[in-house]
Amino acid sequence: MLPFRFQERTGKSVSFATVKRWLKQRRIKAHCNPALFEPSQKVLKAFQDKETDGDIELFYLDESCFSSESCVPYAWQKQSNRRALPANVPWWVNMIGLIDRQSMGYFHPLETTVTSATVAEAMAGFIRSYPADKLTVVVMDNAPLQQKGM
């Protein structure tokens, strides 16, 4: 329905996946709660100040996926003029990374999906490999995956 209405209004076609992605991006930003965000920013600033003073080690954890698949799933073209691109074998790897503000880090590659168990596995690997002589703080985003089981 939405792709059809978009085409009616603009004369351009768009896939349902593109509309869904566009709506999802805006919905996430709409859920940001300023009453929770501002105090979190103050806590993060306090951690950064403690790190600058040398009192703690501060790392940020996030995950990402690297893929050999094209990030452009389609091209604009007239229906009568088909263009083909050579296909490649899809390959991907997920990466859980912990990095500090000096770009030092620990990276945990996965050939499986990221779950709360694999995040915990990455944290355990980080703890084993990072000799901490002072308190180490790891900041994570609010992803449901990282909240589960932590």
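The values are calculated or read from the model by the stated rules, or taken from the named source; none is laboratory data. Note that the structure is predicted; figures quoted are calculated from it, not measured. All Cβ positions, glycine included, derive from the backbone under ideal geometry; neighbour counts span all protein chains shown.
Structure values in brief
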| item | result |
| --- | --- |
| The lone exception for ASP53 - which of (1) surrounded by 10 or more Cβ atoms within 10 Å (Cβ to Cβ); (2) charged (D, E, K, R); (3) at pLDDT 70 or above it fails | (1) |
| Members of region 117-136 found to be among the acidic types (Asp, Glu) and surrounded by 10 or more Cβ atoms within 10 Å (Cβ to Cβ), listed by number | GLU121 |
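Residues checked against (1) modelled with pLDDT of 90 or more; (2) over 26 Å from SER67 (Cα atoms); (3) among the β-branched types (Val, Ile, Thr):
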{"residue": "GLY97", "(1), (2), (3)": "yes, no, no"}
{"residue": "GLY105", "(1), (2), (3)": "yes, no, no"}
{"residue": "THR113", "(1), (2), (3)": "no, no, yes"}
{"residue": "ALA120", "(1), (2), (3)": "yes, no, no"}
{"residue": "GLY125", "(1), (2), (3)": "yes, no, no"}
{"residue": "THR136", "(1), (2), (3)": "yes, yes, yes"}
{"residue": "ASP141", "(1), (2), (3)": "no, no, no"}
{"residue": "GLY149", "(1), (2), (3)": "no, yes, no"}
